[in-house]
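Here's the structure we're looking at; comments come further down.
The values are calculated or read from the model by the stated rules, or taken from the named source; none is laboratory data. Just so you know, these numbers come straight off a predicted model, no measurement behind them. Neighbour counts are summed over all protein chains in view; Cβ atoms, including those assigned to glycine, are modelled from backbone coordinates with ideal geometry.
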Amino acid sequence: MKRLFITATKTTPEVDFNPENGQLKISGESFPENSADFYAPIIAWLQNYISRNPSISLTFKMIYFNTSSSKAILDIIALLQDYHNKGGVAEINWMYQEDDEDIMETGLEFTEKLSLECKLIPYSEQ
Amino acid sequence: MYLQNFFFNNQSLCKDYCISYLLFISISIGILMDLLNIYRLMKENDILFSFKGALNQEILVEMGNQIKTHLSMNRKLKKIFGIFIELSQNIMHYSDEREITQNSNIGIGIITFTESEQEYTITSGNLVFHEKADDLKHRIDNIKAMTAAELKEHYNEMISRERNAESKGAGLGFIDICRKSEGNINYIFRPYDDIYTFFQFVVKIDKVN
């Protein structure tokens, strides 16, 4: 399976999914004109990857995302939760700038009802 | 030679004067747009910038950059930026006045960013079909009446409902804006013509609290 790498643009995040070690990362800003179009290939890649029964560590390091991107992000999280329910190994790391309460709280809201392992990880600005 | 030049210059001066006078008359009787009035209105209302037209993604990015630059040290930057993006994309996706070309279909509207001593204000306006206005009004009233906890619950409920439908995010934007501005939202609907109602939405963000 090929690595999925999408370069960040002014309105879309960088996506780096490495099938060799299960390290998947989405980082940056997300407010594309059509979120469903942008996230569809990412979700398709993930579905395909999950069918191979890998260990997945998915990291979100978002600076900002709009409401329609949040739907897609929740779809991705739901995929992992579903995989976990079926016995798959998966974890989520939700990274936020240490003074960014909005991203931290959103991460909490998105993950508080999940049973798979979710970590909220603060980082300081470079 | 000198006389010729003098005559020529005077003639062009006279021509310029005539054009100015004609412009003045045209503006006065409403044939030409009164840009001075628009400028004055914007200045008096502390408008930092404004856009009217088909709100495409490129324009949205540029205006977003303006906000980021203007508020670079402000701790409310991300909230204000988020509100601005949701309002702009609301126009882009849901305005009933649209610019349709071969490969795009973009909503038309107006958005302004204002700064006064106490607060920042983002105002958006666009045309909606008369028959849609009531529904929109009820949805906003409903959101406006909610407490923070209710808004959170409503957001989660809407997001799971919308993920199943092929929507671009309709109901979520207003809830998000309401949460980010701590309920400081207002709106007004005014008749525009036989087909459209003008929908104006106002969000205020306090500078201090």
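Starting from the stretch B:170-184, keep only residues that are more than 9 Å from chain A (Cβ to nearest Cβ), then list their pairs with residues that are basic (Lys, Arg) whose Cβ atoms are within a distance under 6 Å, requiring at least 6 positions of separation or different chains.
From the stretch B:170-184, the pairs are B:ASN184/B:LYS204.
Among (1) part of a helix (DSSP H, G or I); (2) away from every other protein chain (no Cβ under 14 Å), there is one condition A:TRP94 misses while meeting the rest; what is its number?
(1) is the only condition that A:TRP94 fails.
What's the number of the condition A:SER27 fails, among (1) more than 28 Å from B:ARG75 (Cα to Cα); (2) away from every other protein chain (no Cβ under 14 Å); (3) of a type in the set (S, T, N, Q)?
It is condition (1) that A:SER27 fails.
Kindly indicate which of B:ILE80, B:ILE106 is crowded, with 17+ Cβ neighbours inside 10 Å and in a helix (DSSP H, G or I).
The conditions single out B:ILE80.
If you go through the stretch A:99-123 one residue at a time, how many are in a loop (DSSP other than H, G, I, E, B), modelled with pLDDT of 95 or more and over 23 Å from B:HIS154 (Cα atoms)?
Residues that pass the stated criteria total 1.
Being modelled with pLDDT of 95 or more, more than 27 Å from A:GLY87 (Cβ to Cβ) and of a type in the set (S, T, N, Q) is the filter here, so list the residues in the stretch A:27-52 that pass it.
Answer for the stretch A:27-52, where residues must be modelled with pLDDT of 95 or more, more than 27 Å from A:GLY87 (Cβ to Cβ) and of a type in the set (S, T, N, Q): A:SER27, A:SER30.
Within the bounds of the stretch B:112-125, is there any residue that is surrounded by fewer than 17 Cβ atoms within 10 Å (Cβ to Cβ), over 28 Å from A:GLU101 (Cβ atoms) and not hydroxyl-bearing (Ser, Thr, Tyr)?
no
From B:ILE110, B:ILE159, which residue is within 30 Å of A:ASP37 (Cβ to Cβ) and within 14 Å of chain A (Cβ to nearest Cβ)?
B:ILE159
Regarding B:ILE122, is this residue within 14 Å of another protein chain (Cβ to nearest Cβ) and either touching a residue at least 40 places away in the same chain (Cβ under 8 Å) or within 18 Å of B:LEU55 (Cβ to Cβ) (or both)?
No: the conditions fail for B:ILE122.
Please go through the stretch A:22-36 and pick out each residue that is in a loop (DSSP other than H, G, I, E, B), farther than 19 Å from B:ASN65 by Cβ and within 16 Å of the chain's Cα centre (by Cα).
Selection gives A:GLY22 alone.
Can you tell me which residues in the stretch B:164-173 are modelled with pLDDT of 55 or more, in a helix (DSSP H, G or I) and under 28 Å from the mean Cα position of the chain (by Cα)?
Result: B:GLY171, B:LEU172, B:GLY173.
Could you tell me whether the stretch A:37-55 includes any residue that is in a strand (DSSP E or B), more than 11 Å from chain B (Cβ to nearest Cβ) and either surrounded by 17 or more Cβ atoms within 10 Å (Cβ to Cβ) or in contact with a strand residue (DSSP E or B) (Cβ under 6 Å, 6 or more places away or on another chain) (or both)?
Yes.
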